[in-house]
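Take this structure, written in structure tokens, and hold onto it; I'll ask about it next.
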Amino acid sequence: MSGRNSLSRRQFLGGMAGGLFVTGLSATLPLPAWALTSPRNIHQGVTRYPAKSYFDLKFSYSPLVINGKKGRATAINGTVPAPLIRWREGDEVTMDVTNNMEGTEHASIHWHGILVPFRMDGVPGVNFDGIQPGETYRYNFRVQQAGTYWYHSHSRFQEQTGAYGPLIIDPKDGEPFHYDREHVIVLSDWAFEDPETIFRNIMLDPEYYIYYQRTVFDYLNRIQEEGFAEANAELLPFRKMNMSPRDLSNVTGSIYTYLMNGHSPDMNWTGQFDPGETVRLRIINASSMSHFDVRIPGLDMTVVMKDGKVVKPVGCHEFRIGVAETYDVLIRPAGDKAYTIFAESLDRSGFTRGTLTPAEGMTAAVPKQRPVPDRTLKDIGMGMMKGNYFGGMSDEMMHKMHQKRLDMQNPDIDGPKGPMPFMPDENNPDVAMTVMDPKQRMDDPGVGLGNDGWKVLTYKDLRSAEPQPYSPVVDRELTINVTANMGRGIFALDGKKYTEHPGPYLFRHNERLRLYLVNHTMMEHPMHLHGMWMQLENGGENDDIPFVHTYLLKPGEVASFRITPIEKGDWAFHCHLLYHMEAGMFQVIRVA
């Protein structure tokens, strides 16, 4: 373990221990009203939200203090997180966004998951030029949807430095389910390190911030538990491929402080309830690089929305929320006791937490963190490599796999046929691995989940409760491969970084497209498509396949979506891990 990571780990663990006992430390200067501890009560049918259609938003640099340490944030209207914006479905809204930051840095706002004209989508270099210092850009459009969303800068690393906020759209015809109170929960990750430095570090060494890599003691323990042959059958192929079973995240709790509504675990964001109420939690992952596993020990959760779209209620005790996803859940806390909202990072390098309480001053126990999970070869779609100490497949095996994939293709589009095989140039240094037999993994809760004795939500559980406006007939199929060579700091689509692609992917206006995404890397990637819905083919009938704007694609996974491009123009499609996107896992979709 390097000296830099050892020091960071000690600092991190010290801060984490303090989080179990210390509350009330100062947070951002200032926090927006919606994010304050014990915010004003929000009751459905009691508080009537004013129909506001104009918003004035200003970018500026602002001080930020977390656990007594001061940094500089990219703030919107002076706060981190940014103000809560509330629209009403069917209204025409106007947002004047001004860049008051010094220097030459442009600004932007992308309305994540919102259907807008392409000039209103807010991606510099794709559908507008960005907002230069001293300039104001006017966003104006009619709101076509309802639900829980968020907004953030799409300019370089401003999202990492604080330019994100919640966006709530009230339905014009009333809510589709009953609740008595709501709380908005925004999860995020904060680093006092300059994001340009973070980016440079992980491009030079993707394990720079990973202090939890396996040690010789882990190896010996595994031999003792499983035997020499079994332990090496799994680990030696990883070593031969220059990969690690613990390549879970590029940026970890060794440098991040995980936040809930701008509060660290020490600060302990708190929201109130009355016993017996039904409480709606609008949970948004506004992180740059961190996926979270969310649970409330002692309470069941009922998921009622995914990415702002209503789903048929499904009960669970925990769910994984990838970067940029949103989930709405209903809970029914009872009794005179407090509950902990616990959001643990996927790699188990840290957590954030908050408290739900019927009275001020009450707290609940903070769960013990679980051990760092290990990926298996099967987890990354490379199960055929187990026991292959030489790492790699024979020419005969490669040919059989390739032929199997080709045999799956059929020009008659009447159901999922499987993705087109991805056979990159063998000399392409941008592709470290190719999954020859990708699997549907929508019923898999994800690495590190599903072994605790409680129900974990999967994508397979989701069924849309909204009308199906699109045809069941698919006109065309397209495959996009998610590729990488982490050792070289390369993150790409179809083996090419954004700057290397010959042009945009072409979607036809109003066609019914089946899009396959295949993950040829050993990390999860939250894939986000701007400007249109992706409908997840998760085994449901045509009328109840769920709508998503972001999908957390597992290693070795193939997922298929039905898409109807309804707005012409150029749209971004990318991994929502900020540093992966900036490294090249980004492309333009042209709808014509």
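The values are calculated or read from the model by the stated rules, or taken from the named source; none is laboratory data. Keep in mind that what you see is a predicted model, and the values were worked out from it rather than measured. Note that we place each Cβ from the backbone using ideal geometry, even for glycine, and neighbour counts take in every protein chain shown.
Would you mind finding the one in 542, 519 that is in contact (Cβ under 8 Å) with a residue 60 or more places away in the chain, among the polar types (S, T, N, Q) and buried (at least 24 other Cβ atoms within 10 Å of the Cβ)?
Being in contact (Cβ under 8 Å) with a residue 60 or more places away in the chain, among the polar types (S, T, N, Q) and buried (at least 24 other Cβ atoms within 10 Å of the Cβ) holds for just one of 542, 519, which is 519.
If residue 556 meets every condition in (1) within 17 Å of residue 505 (Cβ to Cβ); (2) crowded, with 22+ Cβ neighbours inside 10 Å; (3) in contact with a Gly (Cβ under 6 Å, 6 or more places away or on another chain) apart from one, which number is that one?
(1)
Related question: Among residues belonging to the stretch 486-511 that are among the charged types (D, E, K, R) and within 23 Å of the chain's Cα centre (by Cα), point out the one that is nearest to residue 422 (Cα to Cα).
Checking each candidate, the answer is 494.
Can you work out which of the residues in the stretch 559-580 that are closer than 20 Å to residue 476 by Cα and of a type in the set (Ser, Thr, Tyr) is farthest from the chain's Cα centre (by Cα)?
The extreme case among them is 564.
Then there's this: Report yes if residue 179 is touching a Leu at 6+ places or on another chain (Cβ under 8 Å) and either within 23 Å of residue 352 (Cβ to Cβ) or in contact (Cβ under 8 Å) with a residue 40 or more places away in the chain (or both), otherwise no.
Answer is yes for this residue.
How many of the residues making up the stretch 274-291 are over 21 Å from residue 153 (Cα atoms) and assigned to a loop (DSSP other than H, G, I, E, B)?
5
Check whether at least one residue in the stretch 185-198 is exposed (fewer than 15 other Cβ atoms within 10 Å of the Cβ), modelled with pLDDT of 95 or more and of a type in the set (A, V, I, L, M, F, W, C), and report yes or no.
Within the stretch 185-198, one or more residues are exposed (fewer than 15 other Cβ atoms within 10 Å of the Cβ), modelled with pLDDT of 95 or more and of a type in the set (A, V, I, L, M, F, W, C).
Pick out, from the stretch 87-165, the strands (runs of 3 or more DSSP E) lying fully within it that include 3 or more residues that are over 25 Å from the mean Cα position of the chain (by Cα).
92-99, 136-142
Quick one: residue 74 ticks every box in (1) surrounded by 22 or more Cβ atoms within 10 Å (Cβ to Cβ); (2) of a type in the set (S, T, N, Q); (3) assigned to a loop (DSSP other than H, G, I, E, B) bar one, so which box is it?
So the condition that residue 74 fails would be (3).
Could you grab me the full set of residues in the stretch 427-477 that are within 29 Å of residue 246 (Cβ to Cβ) and hydroxyl-bearing (Ser, Thr, Tyr)?
Passing the criteria: 434, 458, 459.
If you take the residues of the stretch 420-465 that are of a type in the set (D, E, K, R), in a loop (DSSP other than H, G, I, E, B) and surrounded by 17 or more Cβ atoms within 10 Å (Cβ to Cβ), which of them is farthest from the chain's Cα centre (by Cα)?
430
Would you please name the residue that is surrounded by the fewest Cβ atoms within 10 Å (Cβ to Cβ), looking only at residues in the stretch 281-317 that are hydroxyl-bearing (Ser, Thr, Tyr) and under 14 Å from the mean Cα position of the chain (by Cα)?
288
For the stretch 182-202, name all the residues that are in a helix (DSSP H, G or I) and touching a residue at least 12 places away in the same chain (Cβ under 8 Å).
Within the stretch 182-202, 195, 196, 198, 199, 202 meet the criteria.
Oh, and also: Looking only at the stretch 401-419, decide whether some residue is basic (Lys, Arg), at pLDDT 80 or above and assigned to a loop (DSSP other than H, G, I, E, B).
The answer is no, given that none of the residues of the stretch 401-419 is basic (Lys, Arg), at pLDDT 80 or above and assigned to a loop (DSSP other than H, G, I, E, B).
Related question: Which condition number in (1) under 22 Å from residue 257 (Cβ atoms); (2) surrounded by fewer than 23 Cβ atoms within 10 Å (Cβ to Cβ); (3) β-branched (Val, Ile, Thr) is the one that residue 123 fails?
Failing condition for residue 123: (1).
Out of (1) part of a strand (DSSP E or B); (2) touching a strand residue (DSSP E or B) at 6+ places or on another chain (Cβ under 6 Å), the odd one out for residue 509 is which?
Exception for residue 509: condition (1).
Ok, one more. For the stretch 467-482, state whether one or more residues are among the hydroxyl-bearing types (Ser, Thr, Tyr), in contact (Cβ under 8 Å) with a residue 24 or more places away in the chain and not in a loop (DSSP other than H, G, I, E, B).
Checked against the condition, which is being among the hydroxyl-bearing types (Ser, Thr, Tyr), in contact (Cβ under 8 Å) with a residue 24 or more places away in the chain and not in a loop (DSSP other than H, G, I, E, B), the stretch 467-482 yields at least one hit.
Take the conditions crowded, with 23+ Cβ neighbours inside 10 Å, more than 19 Å from the chain's Cα centre (by Cα) and at pLDDT 95 or above and apply them to residue 253. Does it pass?
no
Continuing with this model, one more query. Do you know which residues across the stretch 539-592 are of a type in the set (Val, Ile, Thr) and in a loop (DSSP other than H, G, I, E, B)?
Of everything in the stretch 539-592, those that are of a type in the set (Val, Ile, Thr) and in a loop (DSSP other than H, G, I, E, B) turn out to be 545, 564, 566.
If the Cβ limit is 9 Å and pairs must be 6+ apart or interchain, which residue in the stretch 92-109 that is assigned by TED's automatic domain parsing to the domain that holds residue 139 and more than 13 Å from residue 154 (Cα to Cα) pairs with which residue that is in a loop (DSSP other than H, G, I, E, B) and among the basic types (Lys, Arg)?
Listed pairs, sorted by first residue: 93/52.
Within the stretch 351-400, restricting attention to residues that are modelled with pLDDT of 95 or more, in contact with a Pro (Cβ under 8 Å, 6 or more places away or on another chain) and among the small types (Gly, Ala, Ser), which residue is nearest to residue 447 (Cα to Cα)?
So, considering only residues that are modelled with pLDDT of 95 or more, in contact with a Pro (Cβ under 8 Å, 6 or more places away or on another chain) and among the small types (Gly, Ala, Ser), the one nearest to residue 447 (Cα to Cα) is 365.
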